[in-house]
1. For the stretch 271-298, give me each residue that is of a type in the set (Val, Ile, Thr) and in contact with a Lys or Arg (Cβ under 6 Å, 6 or more places away or on another chain).
2. Please work out if Phe196 is under 16 Å from Cys279 (Cβ atoms) and in the same structural domain as Ser272 (by TED's automatic domain parsing).
3. Filter the stretch 60-93 for residues that are surrounded by 13 or more Cβ atoms within 10 Å (Cβ to Cβ) and closer than 25 Å to Val274 by Cβ; which is modelled with the lowest pLDDT?
4. Count, please, the residues in the stretch 142-186 that happen to be aromatic (Phe, Trp, Tyr), touching a strand residue (DSSP E or B) at 6+ places or on another chain (Cβ under 8 Å) and farther than 20 Å from Phe29 by Cβ.
5. Does the stretch 136-150 contain at least one residue that is part of a loop (DSSP other than H, G, I, E, B), at pLDDT below 95, surrounded by fewer than 23 Cβ atoms within 10 Å (Cβ to Cβ) and not basic (Lys, Arg)?
6. Limited to the stretch 326-368, what total is found for residues that are touching a residue at least 12 places away in the same chain (Cβ under 8 Å), surrounded by fewer than 17 Cβ atoms within 10 Å (Cβ to Cβ) and within 30 Å of Asn2 (Cβ to Cβ)?
7. In the stretch 180-207, which residue that is under 17 Å from the mean Cα position of the chain (by Cα) and at pLDDT 95 or above is surrounded by the most Cβ atoms within 10 Å (Cβ to Cβ)?
8. For Asp127, state whether it is under 17 Å from the mean Cα position of the chain (by Cα), charged (D, E, K, R) and either in the same structural domain as Pro62 (by TED's automatic domain parsing) or surrounded by 15 or more Cβ atoms within 10 Å (Cβ to Cβ) (or both).
Amino acid sequence: MNKNVIIIGPAHPLRGGLATFNQRLAKEFLDHGDDCSIYSFSLQYPSFLFPGTTQYSSEPAPKNLKIFSKINSVNPLSWIQVGNELKKIKPDIIVVRYWLPFMGPALGKILRAVKKNNHTKIIAITDNILPHEKRPGDIPFTKYFLKSCDAFITMSEKVMNDLRKFEQTKPAMQVLHPLYDNFGEIISKAEARNFFGLDNDEKIILFFGFIRKYKGLDILLEAMADKRIQSAKIKLLVAGEFYEDEKPYKEQIEKLNINSSLILKTNFISDSEVKYYLCAADAVVQPYRNATQSGVTPLAYHFEKPMIVSNVGGLPNLVPHEKSGLVAEPDPTSIADAILRFYELGENYFIPHLRMEKEKYSWQNLVKTITQLADDIQK
């Protein structure tokens, strides 16, 4: 039976991976025959909490999606209004995204109001239970949010383990982060490199995504200074906006004298340009210090790009070693070793494995899991 589903989380005109994910998930529910809309934020972060240049996308709104920007993350009156509105609508399922404890009070208050209709099943997709950078209030805000949900989906074993430290009894299922297949089809490396004015025969690896301490760009920069990497004339394309002070990175680059080995595109990457970055690279490097799951991994799978990932969190499970990519320790020498090993094996070595592995990453599977969890919840 078709259902009325509401997703609570960021969506256009807000930008970023969460918004992209929510919009793609909504499309999958619609394709499945359900009625689906998104309740997003009129104010997601106060400006002093947002490290980037702008929270808003310059891309056109997605077609055929109903998006209501109504939640103000710091205004309790907005939480009450949205909660009462959703309580009256009585959707069959609410899918709520949880990625930051700061959102716990707003989302928890909204969901408590909804639960009073004794009908709506509330499924949380928990990207993180506790954040990478810890702040006061993380634990009480998370507890407050989790109590308002009926069931949970995680996309890594690490997050599932974190969840079970707070919530032992409610249903929870782990699924793979689906492929980001809404950034266009694979284009040739020649076409992608032409977009940047890069030569076809250059060796280019890619660091993609917001730049934050836990993602280990500084480790990768150290690896780029390795004499073996330098003599192989490998270049690093850094694509993503700084979400912290960029000064230490610039100082590190100068100190290591690796300017000529870097292509820096440290601005926000619009959706329409993502394919050029992925398709221009030979491989994607994720030198993270810690990780739950990563949206970059399914993006690389979609564009069939081998990955070099650090041996932390859920990354080694997502990237089988010497199949979809290579697993290294989060230190410069190990990362450099893996980069050299990648070029020794060659990009084409990984393609059959990538194509086989990416079949597991379907949006249909996520919708099926959400629906199954909701059907199992007794109201």
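The values are calculated or read from the model by the stated rules, or taken from the named source; none is laboratory data. Values in this document were obtained by computation on a predicted structure and should not be read as measured data. Using ideal geometry, Cβ is built from the backbone for each residue, glycine included, and neighbour counts are taken over all protein chains shown.
1. Within the stretch 271-298, Val284, Thr292 meet the criteria.
2. The answer is yes for Phe196.
3. Ranking the candidates gives Pro62 first.
4. Looking only at that region, the number is 1.
5. yes
6. Of the residues in the stretch 326-368, 4 are touching a residue at least 12 places away in the same chain (Cβ under 8 Å), surrounded by fewer than 17 Cβ atoms within 10 Å (Cβ to Cβ) and within 30 Å of Asn2 (Cβ to Cβ).
7. So the residue we want is Leu206.
8. yes
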